[in-house]
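Before any comments, here is the structure.
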Amino acid sequence: MTQSFRLENVGLINKDKKLSFKFNGKTYYGYEGDTLASALIANGVHLVGRSFKYHRPRGFFGAGVDEPYAVVQLYRNGETEPNIKATEQELFEGLEATSVNCWPSVNFDIGAINNFFRIFLHAGFYYKTFMWPKSFWYKVYEPFIRKAAGFGVVSTKHDKERYEHKYEYCDLLIVGSGPSGLASAYAAAKNGARVILAEDKPRFGGTLLTSEVNIGNQSGKEWAEGIIAELKEMPNVTVKNRSQVFGYYDHNMLVMSERISDHLPKTKKFHPKQRLWYIRAKEVLISSGSIERPIVFGNNDTPGVILSSAAKEYLKVYGVLVGRNPLIFTNNDSGYETAIEFKKNGVDPIILDTRKDPQSEIVDEAKNLGINIKFSYVVVAAQGYKKVKSADVAKISDDKEQLGAVENIKCDCICVSGFWTPTIHLASQSGNKTKFNEDIDAFVSGTSKQNETTLGAANGTYTLDETLKSSFETGHELSKKITNNDNKISFPNVVEKKSTTHDKFWCVPLPEGKNYKRFLDFQNDVAVSDVEIALKEGYRSIEHVKRYTTLGMATDQGKTSNLNGLQLVSSIENKIVPAVGHTTFRPPYTPVSIGAIVGREVGKHSKPTRKSPMHSWHEKNNAVFVDAGVWLRPRYYKQGNENLFEGSKREAKNVRTNVGVCDVTTLGKIDIKGPDAAELLNRVYTNAWLKLPVGKARYGVMLREDGIVMDDGTTTRISENHYHMTTTTAQAANVLSHLEYYLQLVWPELNVNVVSTTEQWAGAAIAGPKSRDLLQKLFPNSDVLNEGLPFMGYMEGDLFGVKARIFRISFSGELAYEVNVESDNGNFMWEKIMEIGEEFKVQPYGTEALSTLRIEMGHVAGSELDGRTIPYDNSLEGLLSKKKDFIGKRSLNREAFIAEDRQKVVGVVPLDKKTSIPEGSHLVKDSNAPLPNPKLGYISASCWSVEHDNPFSLAILKDGKNMIGEKLFAMSPLKNKVIPVEIISSHYVDPKGERVRS
Amino acid sequence: MLHIKCPHCGIRSQNEFSYGGDATVKRPELNKEISDQDWNNFVYNRKSLRGKHLELWQHLSGCRQWIKVERDTATHEIFNTLKANEDIS
């Protein structure tokens, strides 16, 4: 197909490089430097999508970030991405894109039937209609709405692209590289400031690329190119194109998304696709320009109705005509600039100006060129369904209330200009109290909260001379404050055509007997009538009107619709616009890909993976690993075709009969030193610690101030003023912060130091009746018999030349020891244990067997110490000292904590001794009671008891102490199970604790 | 994201710190009689101030020191940062 709307010798694109691409399956050609939008328009394609609610045909409305219509599904290098603006997507060889929100095709869309039923689809329609009957929501309404609505589909494949994050600091961040951005960046850079200049488009220069101006005897474009070339050479300046600063956060931190590879057919090797910049700037200059405002008229969403500035950009930057028969509808001089460009390229436009008799250089130029201008004229309605074919126009009275006779003018596009809206999004995000500027009928930045300044068109300044002057000056002043340099730049001579004031006209009245849809929000299909309904129904706050009508809530965030919405509310409410106020601007300014936000924190990089020094041994011996906090721990060591259940059972059984060894490196370890260390422990733990002798370990429980159990573990007195504390794997970091809190803030008089040594020690638990035999062979020179190393004893030993710490502590309920060596020697220790232990039938055991052993012993752990239980609940009340105070003690006499029927940990066995009870099951008295069935307790942990060879669970049960022997039901609606159970003691194995002392 | 000046390390980004609540709350002395009301005030009751607030932060990924930060809860302006043993003059 030929590019029949492409002009010869016009535009900034590279016509030497032709690119082929596909849209909705059809092949087209464009050039390097095109956007998908400009290439499609060059091929005469204007129908790109269907609207959100009514599925009306939609074309192109803008030429950049403000585009509300042309959102497409992009296919690139085997991947697909939704929500891509065709006006921003640069063309590359082989690009493929499809329309969204239409089925079966963009040309014939079944959903367009909504257009004929639109009377039902007014504001609040969803709220009112789909609420009843309730049961219809999941099966009928939601699936229907999901099929009918939405902008594209998300790929369910793993994204192979790489996204990066970067942190940067600068003196001045300048957002936008139009005239004000370039001038301020140049002045600041020359003054020695560290400058970052960010431009969201591929080309620098902003409006200088399309306007007919002269700066220092150069065209605007040449001047911009010169400045950019010079800035790029300066070491103190970073210049970035394709980079959108989308968020302004606290303390002058801004976030920018840089699209590095989106314009290429595929990402280069070792390059990221996108990079997210976190920029801390001392000063921020917002030079983000203005967005042209539409004028509201009938059927103003028809493809071919386009912003006049966009038409000019397509022509001047891309050499593309949006039409050969253009109608320009304007209330200010900007429309004339577009008309003049058309005329210069051999196309005859017609201008409809709402003003009666404007006088300015630009208007005169248009008159001199012989352009047909109709003053006091408006477009009443666009005609044509999939493309503008003509326009109904009429003369309008001076008071703008009365329309004259409606005439029809043939045209193939309508270029609208309703004056300009400054882009105040970033300023508003920063906390700036914006103010309404009557002259331009729009909000501009007002009182700053942070160090930001808005310049140029973004500040409502629309003459180049003034913009450059103030931008040079501001760049100079702000950089001077930071660098103390005072290098002034000579101000260039500026030639520009003078324009006159705009007409504050924004909405064409409906002609009698006509009921055209007049759209305010083009992406969300919000029409004038919708806002009228919302106001009739009593919505007053602009925030409520926004949410009820969805005005400005689409992915374009209302860039072209917000202000006209405000105008409408204010005119109906008879209030001035500033009294209505604008809705809050929130980041992001434009959609940002989730990949960029996540950055490198995906998959294995989403959190650090900590491995014990024995990890490679576990791998070699068929360990199946499980995530335990940030650690990878062996869950069980697979033998043959064993599954988890079989493997863990074998391992646990071996501990009960022979000896097992478990990697316990992951336990939190804190080294505590200082003369007041005992006193600290005495305050932190609930039991007494002042009299613990050197060489002894003690089990302790620590509470939060509210009496809830925080953690448990053993602490060993290594020497007079030196203790070794262990915590659970999960709570290690919190316990350290907890201790630091009390030492630094509450009891600074205590002379104690704490430091984490979790990673400094490798640990192996050796458990089972034959563990002492094994230990004797590991430490032949040490007395590890009952006298030398009694239960809860500690000694240092020599493990074949390696210094080791030996603790006689038990988590399994068996005779057990824990050996610690410095991490580097962990593997050596482990291999020695396995080698020497062979004669005692030693087997490694993983976390699953570890759990089984502790559950059937009735040892509480994380699933009982879950941040909701007190010592009594866990049968730990024996550890509460009556003689001393400790953290959380005062809370323990709260009414609920001392209630007679307080919950307590119990053991649970199924009556059939066969059915495993799912964790989380509720314990109830009557399995057939009507819902909600009163819950007496819940199953906290379940295992298969290897001692009794039947299922066994722990539960936290109301009045647990008096429930032993009761028959209840364990119910798991999720697993659809009802299991009759008996409540027994939580100590299912060795209730007297003889084995650990044997 | 806030920029917090750690009195020990200098200006650092908020993500190095963790929040620790109201810095003006004093833990009752150990072994001292205290009414239920006073204890509840210490454990549970906090004012949710709009405006200047003296609060605790811990420089978790830095020097691990608990510090005091005087911050406006509405505007996030930080007026002052202090070491644990310092008080606002």
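Couple of notes before you dig in:
- Every condition in (1) at pLDDT 95 or above; (2) out of contact with any Leu (no Cβ under 9 Å at 6 or more places or on another chain) holds for A:GLU438 except the one numbered (1).
Yes or no, residue by residue, for (1) buried (at least 21 other Cβ atoms within 10 Å of the Cβ); (2) touching a residue at least 24 places away in the same chain (Cβ under 8 Å); (3) more than 20 Å from A:PHE519 (Cα to Cα):
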| residue | (1), (2), (3) |
| --- | --- |
| A:THR354 | yes, yes, no |
| A:VAL363 | yes, yes, yes |
| A:ALA366 | yes, yes, yes |
| A:LYS374 | no, yes, yes |
| A:VAL379 | yes, yes, no |
| A:GLN383 | no, yes, no |
| A:SER390 | no, no, no |
| A:LEU403 | no, yes, no |
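- Of the residues making up the range B:9-21, those that are surrounded by 14 or more Cβ atoms within 10 Å (Cβ to Cβ) and either within 12 Å of chain A (Cβ to nearest Cβ) or not in a loop (DSSP other than H, G, I, E, B) (or both) number 7.
- Only one of A:LEU468, A:LEU403, A:LEU426 that is away from chain B (no Cβ under 14 Å) and within 33 Å of the chain's Cα centre (by Cα): A:LEU426
- Which listed residue is assigned to a loop (DSSP other than H, G, I, E, B) and surrounded by 13 or more Cβ atoms within 10 Å (Cβ to Cβ), from A:TYR988, A:TYR938: A:TYR988
- For the range A:266-283, taking the residues that are in contact with a helix residue (DSSP H, G or I) (Cβ under 9 Å, 6 or more places away or on another chain) and either modelled with pLDDT under 95 or within 14 Å of chain B (Cβ to nearest Cβ) (or both), the one that is least open to solvent (accessible area, probe 1.4 Å) is identified as A:LEU276.
- Summed over the range A:849-871, residues that are crowded, with 22+ Cβ neighbours inside 10 Å and assigned to a helix (DSSP H, G or I) total 8.
- Considering only residues in the range A:698-728 that are in a strand (DSSP E or B) and among the aliphatic types (A, V, I, L, M), the one that is surrounded by the most Cβ atoms within 10 Å (Cβ to Cβ) turns out to be A:MET725.
- Candidate set from the range A:324-340 (those that are within 43 Å of the chain's Cα centre (by Cα) and open to solvent by 10 Å² or more (accessible area, probe 1.4 Å)); member that is nearest to A:LYS395 (Cα to Cα): A:SER334
- Cβ pairs under 9 Å, 6+ apart, first in the range A:764-789 and under 19 Å from A:TRP617 (Cβ atoms), second of a type in the set (S, T, N, Q) and open to solvent by 10 Å² or more (accessible area, probe 1.4 Å): A:ALA765/A:SER810; A:ALA767/A:SER810
- Within the range A:826-848, being crowded, with 19+ Cβ neighbours inside 10 Å, assigned to a helix (DSSP H, G or I) and polar (S, T, N, Q) holds for one residue alone: A:THR847.
- When B:LEU2, B:LEU60, B:LEU49 are screened for being open to solvent by 60 Å² or more (accessible area, probe 1.4 Å), in contact (Cβ under 8 Å) with a residue 12 or more places away in the chain and facing another protein chain (nearest Cβ under 8 Å), only B:LEU60 passes.
- Filter result (closer than 15 Å to A:GLY707 by Cα and either away from every other protein chain (no Cβ under 14 Å) or open to solvent by 20 Å² or more (accessible area, probe 1.4 Å) (or both)) within the range A:885-902: A:ASP885, A:LYS889, A:ARG890, A:LEU892, A:ASN893, A:ARG894, A:GLU895, A:ALA896, A:PHE897, A:ILE898, A:ALA899, A:ARG902
- Helices (runs of 4 or more DSSP H) fully within the range A:293-391 counting 2 or more residues that are under 27 Å from A:THR35 (Cβ atoms) and either charged (D, E, K, R) or in contact with a strand residue (DSSP E or B) (Cβ under 7 Å, 6 or more places away or on another chain) (or both): A:308-318, A:334-344
- Residue within the range A:445-462 that is open to solvent by 20 Å² or more (accessible area, probe 1.4 Å), within 33 Å of the chain's Cα centre (by Cα), among the hydroxyl-bearing types (Ser, Thr, Tyr) and within 14 Å of another protein chain (Cβ to nearest Cβ) present: yes
- Every condition in (1) over 42 Å from the mean Cα position of the chain (by Cα); (2) surrounded by fewer than 23 Cβ atoms within 10 Å (Cβ to Cβ); (3) charged (D, E, K, R) is met by A:ARG808 except one, and the failing one is (2).
- Checked against (1) modelled with pLDDT of 95 or more; (2) under 15 Å from the mean Cα position of the chain (by Cα); (3) open to solvent by 30 Å² or more (accessible area, probe 1.4 Å); (4) within 11 Å of another protein chain (Cβ to nearest Cβ), B:LYS68 meets all criteria but (3).
- Counting only helices (runs of 4 or more DSSP H) that sit wholly inside the range A:581-673, those with at least 3 residues that are touching a residue at least 24 places away in the same chain (Cβ under 8 Å) and crowded, with 21+ Cβ neighbours inside 10 Å are A:644-657.
- Scanning the range A:563-579 for residues that are buried (at least 22 other Cβ atoms within 10 Å of the Cβ) and without any contact (Cβ under 8 Å) to a residue 40 or more places away in the chain yields a total of 2.
The values are calculated or read from the model by the stated rules, or taken from the named source; none is laboratory data. Just so we're clear, the structure is a prediction, and the values are computed from it rather than from any experiment. Heads up, the Cβs are rebuilt from the backbone with ideal geometry, glycines too, and the neighbour counts pull from every protein chain shown. Areas reflect the complete protein model, heavy atoms only, side chains present, ligands, DNA and RNA absent. Shrake-Rupley method; radii C 1.70, N 1.55, O 1.52, S 1.80 Å.
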